[in-house]
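See below for the structure under consideration.
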Amino acid sequence: MTPKAIFISRSRDQIGSALRQFEANGGELYAQSLITFEGVKMDEFSSCEVVFFSSIRAASFFFQDHAKPNALFACAGAETARKLTDQFHIECAYIADEAGNPTQAAVEFKDWLKDRTALFPMSEQSLRTYSSLIPRQQKTELVVYRTLPNPIVIPPCDYYVFSSPSNVHAFFEINVLPIHARCIAWGQSTETALRGHQTPIYYSLKDGSTLELDAYLQTHVFQTLEQ
């Protein structure tokens, strides 16, 4: 199937080069996040040995109110690590591999953490995949922002790329997938959310990065454009 229209639940500054090229070649691209965010007044927290960021958004809201702690930093995925370096000059001592599979990544992070204390800045709607494995006396879960649905009507597309569970839920508030549509999930958690809406998964990203999405689209989707 040659795709004529693609939706991705990300803003245009976060979509990667493959989708930009698809649009430049005449494809219809709908790049629109279906959620918004707002900061949450943070509780006081004690010092810790490791700060774990599951996303760059968690870091952004955390650093709005706090200076950089004297601690090691860890994060989920190479893309988050790169953004932490670019935006906050943070080099991570630990980067979880296969951020698209957080269940396995969380086990590996727990093994790396050992008996050190950890701070987890997170969303109010966080699934707590990483922090749930850490003993209560060893962790602090700090809610720094909340996610709010902002659904809009999306025209029928051939491919849908969903970047988070919250975007999935917001989409289905007012949209219905066409029968022929193929869905790409941004990792395991997003895949689970789609299955909760009885939606078949065409592909699930493993690393959860724009580079991985670019590579997959180029080799498995856009090659049909040349046929």
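The values are calculated or read from the model by the stated rules, or taken from the named source; none is laboratory data. Only a predicted model underlies this, so the values are computations on that prediction, with no experimental measurement involved. In this analysis, Cβ positions are derived from the backbone assuming ideal geometry, glycine residues included, and neighbour counts consider all displayed protein chains.
Checking residue 131 against (1) within 20 Å of the chain's Cα centre (by Cα); (2) in contact (Cβ under 8 Å) with a residue 60 or more places away in the chain; (3) surrounded by fewer than 17 Cβ atoms within 10 Å (Cβ to Cβ); (4) in the same structural domain as residue 63 (by TED's automatic domain parsing), which single condition isn't satisfied? The one condition residue 131 does not meet is (3).
Scanning region 50-109 for residues that are within 12 Å of the chain's Cα centre (by Cα) and of a type in the set (Val, Ile, Thr), we see that the one that is nearest to residue 204 (Cα to Cα) is 80.
Among the criteria (1) assigned to a strand (DSSP E or B); (2) modelled with pLDDT under 95, the one residue 45 does not fulfil is (1).
Of all residues in region 187-201, exactly one satisfies the criterion of being part of a loop (DSSP other than H, G, I, E, B), crowded, with 16+ Cβ neighbours inside 10 Å and modelled with pLDDT of 95 or more, namely 199.
When region 100-139 is filtered for residues that are in contact with an Asp or Glu (Cβ under 6 Å, 6 or more places away or on another chain), assigned to a loop (DSSP other than H, G, I, E, B) and among the small types (Gly, Ala, Ser), only 100 remains. The set of residues in region 102-128 being polar (S, T, N, Q) and either within 18 Å of residue 167 (Cα to Cα) or modelled with pLDDT of 95 or more (or both) consists of 117, 123, 125, 126. Can you find a residue that is assigned by TED's automatic domain parsing to the domain that holds residue 143 and assigned to a helix (DSSP H, G or I) anywhere in region 27-41? Checked region 27-41: no residue is assigned by TED's automatic domain parsing to the domain that holds residue 143 and assigned to a helix (DSSP H, G or I).
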